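Student: Handing you a structure now.
Every number in this text was worked out from the coordinates using simple rules, so none of it is lab data. Quick caveat: nothing in here was measured; it's all calculated off a predicted structure. Methodologically, a virtual Cβ is constructed for each residue, glycine included, from the backbone with ideal geometry; neighbour enumeration extends over all protein chains shown.
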Amino acid sequence: ALKKSTTDYTLLAALMTFLLLVFLILFTNKKIKNPLNALIRASEAVAKGDKSTRLEIKPNQLSDMRMVSYAFNGMLDNLETATNELQNWSQQLEYKVQKKSEELGQAQNELINIERIASLGKLSLSVAHEINNPLSGILIYTKLISKQLTNQELDPVKKEAMLKHLKLIENETKRCGDIVKGLLDFSRKDQNGFEPRHLHEILHETYELMSHPMKVANISFLADFSAKADLINCSPNQIKQICIAILVNASEAVGENGEVLIRTLNPDENHIRIDITDNGVGIAEEDIPHIFEPFFSTKEKESGIGLGLAIVHGIVQSHKGRTDVKSVVGKETTISITLPLIRT
């Protein structure tokens, strides 16, 4: 009986040990191994770039595993927030770098343009002086011969032909003289004759001066001088000259039944802007960067020499201003001149 009791006790102990071992294995798998596997899988997912992965936290988890899961999820939340902030900073930095690069490119182009115009100005001054003297001689002697021929008794046909040729020489010489004058105006950068003036007074005079030619050409000529501050340091004649040059170009662009508007506004408290808008043929986008270059002209049938807008640009620069152009082909063109105000 003792032997049987011992055997039964041994079997019972073995069974209890087995059951306890099974329970421990199941408990370990459920409470420790499975959460650890989930933690490993989440780590691998994050390593592959999945920032949305989070550990599932169950109410019956071991307190230590629950703390690990909370800490892991918190770490992922912080990592995602930091990553998003880095991406935002990267995008902002990229945008700022791009914007600054564009501004630098524009400034560089403007500097190149200024240097080119300055060099051309010096060359123009020297060429103009060299050409002006012989042209004056040609023009004087042409007029002298023309005057003598008028008083001479010659064959009417020959006389008429000679006078016609002399007139042609005179006209072409005058045209060369106009080119020389344009070169001299283009090369002139000084600020002699500058004085404080109300811009609207000058623009009213310009408007009155251009109203008749616009009316004759059957062009609607409108003015809107609504800028509140308009006191500038300027050469009144030069301001009038650049406005007339732009208005003449506008009238040639619109033709009959067109519309030209000249207006003023204050883009900020330190500047005044003149906008001259026409609803003419417009300027091609590829031509806009070149229209202020000397001798560049888009007029195929006109007799322009391509110095008008170059002189405008030079005068505006001598007034420490800026010239801008916006144009839509076949719709409208706006040339804007921004000048610094005298602050009182």
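Student: Going toward the positive end of the dipole of segment 195-340, with +1 on Lys and Arg Cβ and -1 on Asp and Glu Cβ, which of Ile335, Ile288, Asn233 do you reach last?
Tutor: Value computed over the given set: Asn233.
Student: Something else now. Based on the mean of other beta carbon atoms within 10 Å per residue, what is the order of 6-12, 310-316, most packed first?
Tutor: Put in order of decreasing packing, that is 310-316, 6-12.
Student: Turning to a different aspect of this structure: Beta carbons within 10 angstrom, averaged per residue: use that to sort the peptides 40-49, 231-240, highest first.
Tutor: Ranked by mean Cβ neighbours within 10 Å, highest first: 231-240, 40-49.
Student: How far, in nm, would the chain grow between Thr17 and Asn171 when pulled straight, counting 0.36 nm per residue and subtracting the alpha carbon separation?
Tutor: Computed gain between Thr17 and Asn171 is 42.9 nm.
Student: Sticking with this structure for a sec: What dipole magnitude, in Debye to the nearest 20, does segment 195-340 give about its Cα centre under +1 on Lys/Arg Cβ and -1 on Asp/Glu Cβ?
Tutor: 220 debye
Student: Quick one: what are the phi-derived ³J(HN,Hα) couplings along segment 35-45, Karplus 6.51/-1.76/1.60 with θ = phi - 60°, whole Hz, x for glycine and proline?
Tutor: Here the 3J(HN,Hα) series is x, 5, 4, 4, 4, 5, 4, 5, 5, 5, 5 Hz.
Student: For the pairs Lys228/Lys326; Lys96/Lys240; Lys99/Lys326; Lys215/Lys331; Lys215/Lys320, note any where the Cα-Cα span goes beyond 29 Å.
Tutor: Lys96/Lys240; Lys215/Lys320, as the Cα separations exceed 29 Å there.
Student: Compute the separation of the alpha-carbon centres of segment 212-273 and segment 41-56 and state it in Å as a whole number.
Tutor: Centre-to-centre (Cα) distance: 66 Å.
Student: Quick one: length gained pulling Asn78 to Val325 fully straight, 0.36 nm per residue minus the C-alpha distance?
Tutor: Gain on stretching Asn78 to Val325: 83.9 nm.
Student: Summing +1 for each Lys or Arg and -1 for each Asp or Glu, what net charge is found among the other residues whose Cβ lies under 13 Å from the Cβ of Gln92?
Tutor: Result for the local shell: +1.
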